[in-house]
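Each remark here refers to the structure printed beneath this line.
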Amino acid sequence: MRKSFTVFVSLVFLFHLSCKENTGKNENIPLTKPKAIEEISTENIDSLQYYLGKAIQKGNFKKAYQYQLKKHEVLNDSISEIQQKKLLDSLKLFAVKSNEIEHIAESHYKLGLYFKKQFVFDSSYYHFNTAKNHYLKIKDSLSVAKSLIKMGMIQSAKGDYLGCEQSVVEGISYLNENVKDIYKISAYNVLGYSSYDQRNYENAIYWYKKGIAIKPDANYIPALKTNMALAYRNLGNYKKAIEIYDDLFSEEKLLENPKSKARLYDNSGLTYFKIGEEDKALSLLKKGLSIREEINDVGGLVSSYLNLARFYKNKNRPLAKEYAEKGLQISLNPDDDLQALEILADLSNDKTEYLEQYIHIKDSIFEARKNATDQFAKIRYESKTNRETILNLQAEKARQELMLASEENRKIIFFLSSIFIIIVGLILFFVYRNQHHKKQKIAVLNTQSEISKRIHDEVANDVYQLMNAVEYNKTISTKDIIDRLEYIYMRTRAISREVNSEEITENYTENLKSLLESFQSEKINLFIQNLTPQLWDGISDALKLNCYRILQELLVNMKKHSNADLVVISFQKQTNFLEIKYRDNGKGLDKQPLQKNGFENVENRIEMNNGKLIFEPTHATGVEIIIQFPL
């Protein structure tokens with residue numbers, strides 16, 4: 001009862017605050033209830049306030065939400081930012097009390113718009129993300145898409161370009177064929193300027209063209225064309241950029257907006273400057289500056305000042321410096337600061353001061369963008385924490401119940417299967433990660449196919465045999481199981497090393513020694529001479545890897561074909577070359593078919609590194625091979 005009373009008092013207090021936000025009319029004016037909320041305007045706002053209070057008193061928060069939403073729509077453009085925030089906080093409270101998911105989602109979406117307008121991007125992103133999650137619950141795909149696109153806009157503004165692309169592409173996937181064109185065009189525009197900010201101008205043009213193709217005559221297409229012209233200019237395709245600008249000068253609605261008109265003059269002026277038409281360029285640049293001064297467009301003035309500084313840099317250096325300093329003085333954007341400092345450094349004899357500022361701002365931008373990326377990821381992660389925790393607890397409980405109900409041999413089979421899956425997953429993960437860094441996606445797929453086949457042929461059969469032994473052979477001992485598991489592990493590790501060149505070269509001497517010693521057995525005595533870490537100082541990873549593969553081929557050949565029981569491998573590093581000597585007491589090469597025992601691969605690898613392969617004559621059985629690589 002006390003809790004209900006407290007909530008009621010809080011709502012009355014909020015209602016009292018809301019009363020102070022009205023237009024200031026006399027409270028004794030007779031109130032007339034409108035026929036519908038949609039009919040309310042600023043002329044009968046007091047009626048709206050009255051019935052909002054009645055809805056709160058009755059506990060009808062669904063109705064209170066509708067009245068508060070209409071109040072926000074009517075008063076939003078005529079009240080202060082603080083009053084807007086109070087209205088939206090009340091709106092969210094009514095949404096929560098109404099227990100209507102659609103209202104909760106909408107209130108968060110409007111708070112996201114409010115904070116975005118105030119440039120409080122972390123709060124804006126949080127509310128858009130929360131709105132998206134609620135819209136997902138009611139399967140409102142359009143609103144999900146709108147929320148994701150807004151999140152992408154914020155991520156792009158804060159430099160989280162990868163996150164931006166992920167959010168917008170996900171948003172596009174929720175847009176069906178029946179939605180208004182503006183949403184898809186907006187999404188492609190966001191992807192375009194995100195690519196532009198990363199200086200991927202060709203990709204930016206691709207996205208702008210996709211947006212324009214949806215509805216070329218739409219009112220908002222000139223904005224995309226303007227952005228696309230900038231991308232063409234930065235690619236050096238000035239002719240195409242000027243074609244677009246000349247076309248835009250015929251767009252009457254674009255020219256009706258002073259900011260858009262000034263931007264068109266400024267951008268086209270700089271483009272004409274790039275092709276050497278300086279008189280026309282200066283005229284356009286000054287027209288853009290004049291409009292921006294008249295409407296006090298601070299952001300636009302910075303662009304005009306910097307473009308005029310570029311124009312005068314090689315003609316009137318003092319004037320160019322004056323314009324660059326003006327731009328730096330009023331700039332509110334760190335990217336504009338960098339451009340201004342870069343121009344000033346070019347114009348100054350002593351560049352130290354400007355370069356120090358440039359480096360400081362550059363580092364600050366990098367740190368801010370990194371923090372923004374982490375922060376956005378954290379917000380999305382935390383919004384899923386409760387649901388994931390519940391699912392994890394349920395999964396853990398089910399797993400425990402299954403283990404308790406299983407027989408002993410079923411437990412072991414499950415355990416072995418888990419190990420097998422983990423091993424396969426780890427191998428695929430490391431291979432994929434290494435190949436991804438090298439941007440060789442096709443090679444990754446081929447490697448994974450090869451690994452899958454080898455795992456199936458060399459590991460899966462052993463696991464299956466062990467599982468059968470555990471299930472049907474009641475006499476098998478724990479020691480036998482452990483020994484066979486260890487053997488499977490060693491086989492898997494060997495496969496991993498064979499496909500992972502980075503792992504081989506990372507601790508090369510130990511890995512090479514481990515490879516050589518793996519061929520030693522009761523029947524084969526193997527001696528290694530002069531293998532030290534210092535031997536490989538200054539030698540490239542590519543040559544190290546080839547030496548590893550060559551010795552592996554020789555030893556495999558020895559084991560399969562030569563019947564040797566003594567192998568000696570020695571290493572020597574001279575001033576100009578690296579020498580490896582291999583000798584065994586097997587059958588010798590004259591009794592082995594060279595093309596079928598691995599020597600073809602050995603010869604190819606040696607030729608690839610401009611090396612020499614020398615076969616030394618031996619009086620006894622066996623073979624002696626000298627391999628030399630130039631350093």
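The values are calculated or read from the model by the stated rules, or taken from the named source; none is laboratory data. The model shown is predicted, which means the values in this text are computed figures rather than measured ones. Positions of Cβ are generated from backbone atoms using ideal geometry, with glycine treated the same way; all protein chains shown enter the neighbour counts. Accessible surface areas use protein heavy atoms only, side chains included; no ligands, DNA or RNA. Shrake-Rupley method; radii C 1.70, N 1.55, O 1.52, S 1.80 Å.
Applying both filters, DSSP loop and at most 12 other Cβ atoms within 10 Å, to the trypsin sites (Lys or Arg not before Pro) of the stretch 155-223 gives 180, 199.
The accessible area of residue 612, taken with all protein chains in place and a 1.4 Å probe, comes to roughly 120 Å².
In this structure, the pairs whose alpha-carbon distance is over 21 Å, taken from 513/573; 86/158; 479/513; 132/184; 146/210, are 86/158; 479/513. Average accessible surface for the stretch 104-217: 46 Å² per residue, computed with a 1.4 Å probe over protein heavy atoms with every protein chain in place.
Expressed in units of 2.2 N^0.38 Å, where N is the residue count, the Cα radius of gyration of the stretch 135-206 is 1.08. Accessible surface for the stretch 245-326, divided over its residues, is 51 Å² per residue with a 1.4 Å probe. Ligands, DNA and RNA excluded, the heavy atoms of residue 527 present near 110 Å² of accessible surface to a 1.4 Å solvent probe. Close amide-amide hydrogen proximity is noted between residue 624 and 616, each under 5 Å apart and 5 or more residues distant or on a separate chain (H modeled in the peptide plane; Pro and chain starts excluded).
Computed with a 1.4 Å probe over protein heavy atoms only, the accessible area of residue 294 comes to about 150 Å². Our note on the geometry: Cα centres of the stretch 159-218 and the stretch 289-315, 29 Å apart.
Across the protein chains, with a 1.4 Å probe defining accessible surface, the residues 608, 153 rank 608, 153 from largest area downward. Other residues with beta-carbon under 13 Å from the beta-carbon of residue 153 carry, at +1 per Lys or Arg and -1 per Asp or Glu, a net charge of +2. If you take all other residues with their beta carbon under 14 Å from the beta carbon of residue 199, and give Lys and Arg +1 and Asp and Glu -1, the sum is -2.
Roughly to the nearest percent, how much of the accessible area of the stretch 92-148 is carbon and sulfur, given a 1.4 Å probe? Don't skip to the end; give the middle numbers.
On the way: 1260 of 2500 Å².
In the stretch 92-148, the share of accessible area belonging to carbon and sulfur is 50 percent.
In the stretch 159-246, taking the dipole from charged Cβ atoms about the Cα centre, the farthest positive-side position among 167, 195, 241 is held by 241.
Ranked by solvent-accessible area (1.4 Å probe, protein heavy atoms only, all chains present), the residues 233, 605 order from largest to smallest as 605, 233.
Could you check how much of the accessible area of the stretch 233-337 is carbon and sulfur, as a whole percent, using a 1.4 Å probe? Present the calculation step by step, with values, prior to reporting the outcome.
Details: 2440 of 5540 Å².
Carbon and sulfur together cover 44 percent of it.
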